[in-house]
1. For the stretch 1-25 and the stretch 386-462, what is the separation of their C-alpha centers, rounded to whole Å?
2. Given the -39500 (n - 2.57) contribution per DSSP H run of 4+ residues, what per-residue ellipticity at 222 nm results for the chain, rounded to the nearest 500 deg cm²/dmol?
3. In whole Hz, what ³J(HN,Hα) sequence does the stretch 169-174 give by Karplus (6.51, -1.76, 1.60; θ = phi - 60°), x for Gly and Pro?
4. Using +1 on the beta carbon of Lys and Arg, -1 on that of Asp and Glu, and nothing else charged, what's the dipole of the chain about the Cα centre, debye to 20?
5. What angle, in degrees between 0 and 90 and rounded to the nearest 10, separates the Cα long axis of helix 215-232 from the longest principal axis of the Cα atoms of the chain?
6. When every alpha-carbon pair in the stretch 54-194 is counted, what percent end up more than 22 Å apart?
7. I need the calculated FRET efficiency for the pair E196 and A142, taking r as the beta carbon distance and R₀ as 35 Å, to the nearest 0.05.
8. What distance in nm lies between label points placed 7 Å from Cα along the C-beta direction at D17 and D203?
Amino acid sequence: SNYDLIIQNGTVATAADVFQADIGIKDGKIVQIGQSLSGAARTIDASGKYVLPGGIDSHVHISQPSGDGIEMADDFESGTLSAVFGGNTTIMPFCLQEKGKSLREALTAYHALAEGQCYTDVSFHLIISDPSDAVLGQELPALVADGYPSLKVFMTYESLRLDDAQILKTLDVARRTGATVMVHCENEDAIRFLIEKHELAGDVAPRAHASTRPVAVEREATHRALTLAEIVDVPVVIVHVSNGEAMEEIARARTRGVKVVGETCPQYLTLTAKDLDGMDWEGAKLVCSPPPRDEDAQKECWRGIETGAFELFSSDHCPFRYDDQHGKLNPKGRTNFRHIPNGIPGVETRLPILFSQGFMAGRIDLPRFVVLTSTNHAKTYGLYPQKGTIAVGADADIAIWDPAIERTIRHADLHDGADYSPYEGIEITGWPITTIVAGKAVVENGVLVGAKGHGQYRKAAARQINKQSNLTRATS
Ligand code: URP
Ligand code: ZN
Ligand code: ZN
Ligand code: ZN
């Protein structure tokens, strides 16, 4: 037959357009977009449904060692299973360089963990924790050329933070090689200062996590990261922006000509610092960095989503378990906020939250939803146009959404390895019912029909050096 699969009668959306069409798929690729296609081994009827590029979640933590010997709750099997049920076809987890070790050693280890385990496609970012001369001089340029062109640097966390000199040198390698640098912006020295004060005052409950990482800590570091990028003259990605003041720094840098991509996450639209209070340290489950802020900050983040200040909407999925009878949470985590692992799960709920509260609620249109959740991730990290769009020649990575589904988020219905959802009880309109990865349905009508190992590793292309970023921004 002409096609392996036809998706019929759906409303298709891309970054640019919304239209009625059938999609013909063969050998894992989209080969035809048109009317009344026929001649397929099988068809999926998408009448009344939206047919969107599969979600790309470019900010996901899986099997990443955390301090104090705490294990992450997802491996590549459970993490990608949860992702595919949430309408994602590609995730981009981090590959952590351990101090004193090479990037290659880290990649070998993470590839071994992912190999044969994945339901979605996967592409890594490198975390540079030890930017030695050998790493920056030889290893990193070779890896960028070999299909590993994105990396993250941290301005916080004792074991990960780089100082300004190290960040400048890393940015300079990125400028020369076309690597894309993501920066976690929080001022570690200011955080240490505030933690000592809070401990002296005996204020050690989970809420103190937010108090010791106030907006000023993020705003200053955001300004500094953007200034360093300006000095080096290289584009930069500011990840997990939690509030309007940091967003304002991004806008100001843009007026100076800095090429900056801004990312925000569901937690900054739905949670506040008050949620870190709670009986019996329940608030520990919502500890993440930067912390959620207040209702005003939520409104500002929505404004950034609506106006284009943010190009990326990612989960920052970073799952831990809190049922300590299973031995996963360091018991110290219940004595002092500073021992609570940072991060919350959310790879399965990212898209439904934005679909419901953004698109269905009328804040953004469908192309903007596609841009924020798929197209711009592919463009930013070198996977476009193979991924991030519905077009002839692209990978057949597609999510079919039913806008009529009304559903309340319950962790019991999710597929990750954590033992709670930060978004428990949120009412959602619209859910992805079928997720197609490389032309094959992995989830169909809400049921797992694919096998682990179907998802493949995808190398990425380096940024074109000295070319203007061509990200799709909102025009309003
Ligand atoms: O609290 C968070 N976000 N944990 C994950 C690690 C990171 O900084 O992204
Ligand atoms: Zn981070
Ligand atoms: Zn993260
Ligand atoms: Zn349990």
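What follows draws every value from the coordinates through simple rules; no lab data is involved. What you are looking at is a predicted structure, and each value in this text was computed from that prediction instead of being measured. Counting neighbours? That spans all protein chains shown, and the Cβs are built from the backbone with ideal geometry, glycine included.
1. Using only Cα atoms to place each centre, the spacing works out to 17 Å.
2. Details: 13 runs with 122 residues, N = 476.
Roughly -7500 deg cm²/dmol at 222 nm, from the helical runs in the chain.
3. Calculated HN-Hα couplings, in order: 5, 5, 4, 5, 4, 4 Hz.
4. Values: 46 positive and 62 negative charges, 239 e Å.
It works out to roughly 1140 debye.
5. The helix 215-232 is inclined about 70 degrees to the chain.
6. Values: 3998 of 9870 pairs.
Distances greater than 22 Å cover 41 percent of the Cα pairs.
7. After rounding, the FRET efficiency stands at 0.25.
8. Taking the simple label geometry, D17 and D203 are separated by 5.6 nm.
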